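Following: one structure in structure tokens, then a few remarks.
Bear in mind that the values in this text are calculations on the coordinates, not laboratory data. This is a predicted model, so every value here is computed, not measured. Quick reminder, even Gly has a Cβ in these numbers, built from the backbone with ideal geometry, and neighbours come from all protein chains shown.
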């Protein structure tokens, strides 16, 4: 749809023109002390952004001081490779639950792991072990648990359990873990009708608010779809928040803490397909699993997350048809830059580290299932498999988001809404063409360095 002097884009979210106040405050404790951004879900299931301000950093300093006083010295110290036995952890949690006690904070936060680097199985001692860097942890001012030293997101037990349930010892595995934020067909149809009305007007820059309000009203609420895991889990909430905020960056409504050029800053109206609906998806970098020759160990390598794009066409009735991948250079420039800078972005904005952690956990769980680590360790997930015994479906399920519109005067082409989401086909990382051989035996050697025979039965983590 061509409109005189108008260049617009729309995405699920709040109606905003220009950069919202929270756009400058995306870092964790290790990168930005002015505040922290997150999301909340209201009683109607509508997801909204939330900013907790800390302009002087006083709240953050208080929280760090309290965390250092509370944490045991061994947990609080930084470790290049902390090990957690899943079987021992579950057994200790089962004992606490049987005694009417809750899991400890260290249990819920996996002794401060900031990522999962290795997965090992030890049939002799019946242990499945995950290992990775760790440090003391603290909730940032938005409540997100991050490392005291780095500000990196902490790996959450509830996300691990969600992943294990998606790939259980018995039963069908999740074919795909996914989320998507998309306008409804009715909303797109009303938007197209509104655009027809606009095409009859002589538009001026002063019409920006009118255009944005009209698009926002015609699009209405956009739908959130989640599959492969319960929509009520923290895991699902991470997928939705990361997807939502990535789109805001793409249309220029969130300023990221690293220099990722937005889609709208690069788009050339001459290169844009008529009525194009830009869609961007997070996926794993599936060439990320290095496996020991004996299958008793694996390592997750690489940055782990990619952003990919495709175009769709929006018809007059609001239906959509795929137009092909990367029909314009601006979309490819945005997705390529986002992928390249993702590791740095994840250091500065913890939700993207959480997304990587969730993707890694899903791939690790798929590996555990496929290589029958459950059978080798004689473990059926115990209390972790039972939602009544160990609940992880404790979050409000995101169902909708309002539409957000950014209006930028640039040429004479109208760009329509952004869709997409997160798609994790964890088993794809285990396809033979994607697996990385442990040619130097480094993964096998890392497993063999550990001696679990001398551990006390109740010790579930160690450095």
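Before moving on, here are some points about what is shown:
- For the stretch 8-462, radius of gyration divided by Kirkwood radius, i.e. Rg to Rh on alpha-carbons: 1.00
- Order of 342, 244 under a 10 Å beta carbon neighbour criterion, fewest first: 342, 244
- Residue order, fewest to most beta carbons within 10 Å, for 442, 423: 442, 423
- Nitroxide proxy distance, nm - points 7 Å out along Cα→Cβ at residue 293 and residue 173: 2.5 nm
- Derived value for the stretch 147-264: Kirkwood hydrodynamic radius 17.8 Å. Basis is the mean of 1/r over every pair of different alpha-carbon atoms.
- Between residue 40 and residue 402, full extension at 0.36 nm per residue minus the direct alpha carbon distance yields a gain of 129.0 nm.
- Neighbour counts of C-beta atoms inside 10 Å place 408, 141, 161 in the sequence 408, 141, 161, starting with the fewest.
- When both the stretch 102-137 and the stretch 139-173 are represented by their alpha-carbon centers, they are found 11 Å apart.
- Cβ-Cβ FRET estimate between residue 454 and residue 61, R0 fixed at 56 Å, reported to 0.05: 0.90
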